[in-house]
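Below is one structure, written out as structure tokens; comments come after it.
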Amino acid sequence: MAPISELLRLAPGTRLAEVDPHGKPGFDGAKSAGKRALPAMGTELADLSEKLFAEAYTGADRAGRRVLLVLQGMDTSGKGGVVSHTVGLLGPESVHLTSFKKPTEEELAHDFLWRVEKELPERGTVGIFDRSHYEDVLVARVHRLVDAAEIERRYDAINDFERRIAESGTAVVKCMLHISPEEQRKRLLARLDEPTKQWKFKPGDVDERRLWPAYQQAYELALERCNTDVAPWYVVPSDRKWYRNWAIGMLLLETLRGMGLSWPAPDYDVAAQRARLQDRAL
């Protein structure tokens, strides 16, 4: 079977309506098998992410390698679920999570990428963007917060930004969590039905549903304009939560495997240090 990165990578000219949000490319089993498959990759994910951290910590990796996972999707698409169930499998010392909210006054006084630059992962770490710089060409377009010329400028600025960080050693993994409006309705209703989840619900979420076609168009434009070889987009069917979590786990696994990571060799004589520790006088 083809690598998950090939199966989920957005092909030029693809419309979101052509991608089944309930699909499960690359996985033939049932839900029960999928829920077992995710934790099964946990040991290797933790091992590889720790190697990434160790190479940076010891200076063995001079390329400054790191990973940036971008999670973008409509409300209830599961960004938080991915962080809990998939990212949670990585070594905790190697993860840096940023959740981008509505820009502050200070952030609005700068270019839209200013706040993003500050949150880029350090070398040896896996950075997670829960929402991202793409909000500035999605929400901004749908709600007409800026004019069309500024949106066009931002597409180019994003491509330049992602090319620059890729050239500096960042593996960029951009995932659009693709859900259907019917599934979103179910998840919003589930929040209202569960007292412990009602805090997540905002009446504005219902208002935003009226703009679903406009958001889908904004996503299609953003994905098409910013789908490059150094930072491709992956469209992850997300109506099935277990598949979404598994697929993004596989994308991270492929990315980390492709880095050829290994445990750094010590820059000291192991036998000599062992002898020192065994010396009762020390």
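For the reader, a short list of remarks on this structure follows.
Each row is one residue, and each column tells you yes or no for (1) surrounded by fewer than 16 Cβ atoms within 10 Å (Cβ to Cβ); (2) modelled with pLDDT of 95 or more; (3) small (Gly, Ala, Ser).
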position	(1), (2), (3)
ILE248	no, yes, no
ARG257	yes, yes, no
TYR268	yes, no, no
ASP279	yes, no, no
LEU282	yes, no, no
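- In the range 131-145, residue most open to solvent (accessible area, probe 1.4 Å) [restricted to those that are under 25 Å from LEU251 (Cβ atoms) and in a loop (DSSP other than H, G, I, E, B)]: ARG131
- Entry remark, the range 146-165: residues being touching a helix residue (DSSP H, G or I) at 6+ places or on another chain (Cβ under 7 Å) and open to solvent by 40 Å² or more (accessible area, probe 1.4 Å) number 1 in total.
- Qualifying residue in the range 108-116 (condition: more than 25 Å from CYS226 (Cα to Cα), modelled with pLDDT under 95 and part of a helix (DSSP H, G or I)): no
- Any hit, the range 115-130, residues being aliphatic (A, V, I, L, M) and open to solvent by 30 Å² or more (accessible area, probe 1.4 Å): yes
- Selection count, the range 180-201, where residues are touching a helix residue (DSSP H, G or I) at 6+ places or on another chain (Cβ under 8 Å) and either of a type outside the set (Lys, Arg) or assigned to a helix (DSSP H, G or I) (or both): 9
- Residue check: ILE158 meets all listed conditions (1) of a type in the set (Val, Ile, Thr); (2) in a helix (DSSP H, G or I); (3) more than 18 Å from PRO232 (Cβ to Cβ) but one, namely (3).
- Matching residues in the range 166-210 - criterion: being among the hydrophobic types (A, V, I, L, M, F, W, C) and more than 24 Å from the chain's Cα centre (by Cα): LEU189, ALA190, LEU192, TRP199, VAL206
- Contacts under 9 angstrom Cβ, first residue in the range 154-167 being in contact (Cβ under 8 Å) with a residue 60 or more places away in the chain and farther than 22 Å from GLY64 by Cβ, partner open to solvent by less than 20 Å² (accessible area, probe 1.4 Å) and of a type in the set (Gly, Ala, Ser), 6 or more apart: TYR155/ALA222
- Unmet requirement for PRO103, which otherwise passes all of (1) more than 26 Å from TRP212 (Cα to Cα); (2) in contact (Cβ under 8 Å) with a residue 12 or more places away in the chain; (3) open to solvent by 20 Å² or more (accessible area, probe 1.4 Å): (1)
- Flag for SER84 being polar (S, T, N, Q), under 22 Å from the mean Cα position of the chain (by Cα) and open to solvent by 70 Å² or more (accessible area, probe 1.4 Å): yes
- Qualifying residue in the range 219-238 (condition: among the aliphatic types (A, V, I, L, M), farther than 28 Å from ASP136 by Cα and open to solvent by 30 Å² or more (accessible area, probe 1.4 Å)): no
- Any chance LEU261 is crowded, with 20+ Cβ neighbours inside 10 Å and part of a loop (DSSP other than H, G, I, E, B): yes
- Top-ranked residue in the range 18-53 [being assigned to a helix (DSSP H, G or I) and in contact with an Asp or Glu (Cβ under 9 Å, 6 or more places away or on another chain); ranked as surrounded by the fewest Cβ atoms within 10 Å (Cβ to Cβ)]: GLU50
- Any hit, the range 60-69, residues being touching a strand residue (DSSP E or B) at 6+ places or on another chain (Cβ under 6 Å) and open to solvent by 20 Å² or more (accessible area, probe 1.4 Å): yes
- Across the range 1-17, the qualifying residues are those that are outside any loop (DSSP other than H, G, I, E, B) and open to solvent by 40 Å² or more (accessible area, probe 1.4 Å), and the one among them that is modelled with the lowest pLDDT is ALA17.
The values are calculated or read from the model by the stated rules, or taken from the named source; none is laboratory data. Being a predicted model, the structure only gives us computed values, none of them experimental. Cβ coordinates were reconstructed from backbone atoms using ideal geometry, including for glycine residues, and neighbour counts include every protein chain displayed. Just so you know, the surface numbers come from the protein's heavy atoms only, side chains and all, with ligands and any DNA or RNA stripped out. Shrake-Rupley method; radii C 1.70, N 1.55, O 1.52, S 1.80 Å.
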